[in-house]
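Read through the structure below, which is laid out as structure tokens, and then see the notes.
Each value in this text was obtained by applying a stated rule to the coordinates, not by laboratory testing. Note that the structure is predicted; figures quoted are calculated from it, not measured. Cβ placement follows ideal geometry from the backbone for every residue including glycine, while neighbour counts extend to all protein chains displayed.
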Amino acid sequence: MRRAAARVAAIACLSCAACRESTAPEAPATPPIARCLERSGDVRGHAARDLVWNPLERGAALSAGDWVRTGRGSSATIGFSSGEMLAVAEASTIVVHGPSEDATTREFSGRVVVVGGVVRGAVRSGGGTRTIVVESTEGRQLRFTPRDASGFDYRVTASEDGRLEVAVTRGAAEIVAADGSRRTLAAGEVGDV
């Protein structure tokens, strides 16, 4: 009886090993384009192909298509590898993308879809032209570029109908829509897109 049980166990082990060897290799992970620099409260994320929200820890790498969601009274700061930083306010959801390339300047920038809530950011020139691209769930895409070397701070609020309210809180920014229309906002000015 013991020999029979041992044979069954051995066959099961060999079968499992054979199954592991015959499965397709896992797809390589996409390279990170951003990191969670700071978090407070209930901050969760999920990969582009995943549907399960997991706690997003400080230092966690984010790849293109990854989602970040903050709960009530929670916040997160996301830093893009291209240098931009984004503060995700409470009860907000974003999807990180990037890098986005500007066809005219060949400059790369971070790109984020604001699904809901409020995000705040800062773009510093740092000797070159830094930009960030913000997109709504309706596909409205805006490229924010500093008007001078000091850069700018901004706030974007996503409405339920897919519109974005943009406010510049420091400095001045040129905002270019996907259709090529341009608008400059200075500190204290607000615009709907």
**Request:** For an R0 of 45 angstrom, estimate the FRET efficiency from the Cβ-Cβ distance between ASP148 and SER40 and round to the nearest 0.05.
**Result:** 0.90
**Virtual spin-label span in nm between GLU138 and ARG155, 7 Å along Cα→Cβ** = 2.2
